[in-house]
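Heads up: the structure comes next, in structure tokens.
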Amino acid sequence: MARLIALNKPFDVLSQFTDKGTEGTTRQTLSDFINVPKVYPAGRLDRDSEGLLLLTDDGKLQARISNPRHKMEKTYLAQVEGDLSEEAMAALRRGVELKDGMTRPARAKRVSEPDWLWPRTPPVRYRKSVPDSWLELTISEGRNRQVRRMTAAVGFPTLRLIRLSIGPWHLNGLEHGAWRDEDPNMAWTPSKKR
């Protein structure tokens, strides 16, 4: 049976098991958090993003989760710079023009900062003169740095980004930096709209 692992990836951790960066520098990788042989990330989560990252030992499952043609939804919590406007929210819901083309329409809603959220190390910069807002955004494609580019395109740069879910799998109750086994069979079950 395929193995599927959910990791709550911390900020500043590479979504790979080894660091092929500049010699002499040490960056945290998945091997600092997971000691399970032969599992690999199903998709990516940028070094400066946090939250749910799925890993598996099954190539078909990895493709099912990460290939954009399957349109597996991903939900993110984003802290953005500025007082998020309804016009910006409407633009995200319609789709946003990026350098690599129009995005698919997203589900977007303004939310409050969750009380369960762990502190980020290092903390997000704080400026008294510039407010920030929180947004929950669900997309069904996976372009490089897409959420950050979408919020910037509507005038609200992302300060902090946390992936909450991928398809039927959720971050719920998973401690920061911890991992757990998940049911891989859920990949072939249609997910219900939230």
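Any read-out appearing in this document is the output of simple, stated calculations on the displayed coordinates, not a laboratory observation. Remember, predicted model here, so these are calculated numbers, not experimental data. Cβ: placed from backbone, ideal geometry, glycine included. Neighbour counts: every protein chain shown.
Quick notes on this one:
- P(r) tail fraction, the chain - alpha-carbon pairs more than 27 Å apart, %: 30
- Under the Debye formula (equal points on every Cα, no solvent term), log10 I(q)/I(0) of region 73-166 at q = 0.25 Å⁻¹: -1.45
- Cβ-Cβ FRET estimate between Arg125 and Arg180, R0 fixed at 30 Å, reported to 0.05: 0.40
- Over 26 Å between alpha carbons, listed pairs Lys9/Lys109; Lys9/Lys128; Lys9/Lys74: Lys9/Lys128
- Projected label distance in nm at Thr18 and Asn144, using a 7 Å step from Cα toward the beta-carbon: 2.2
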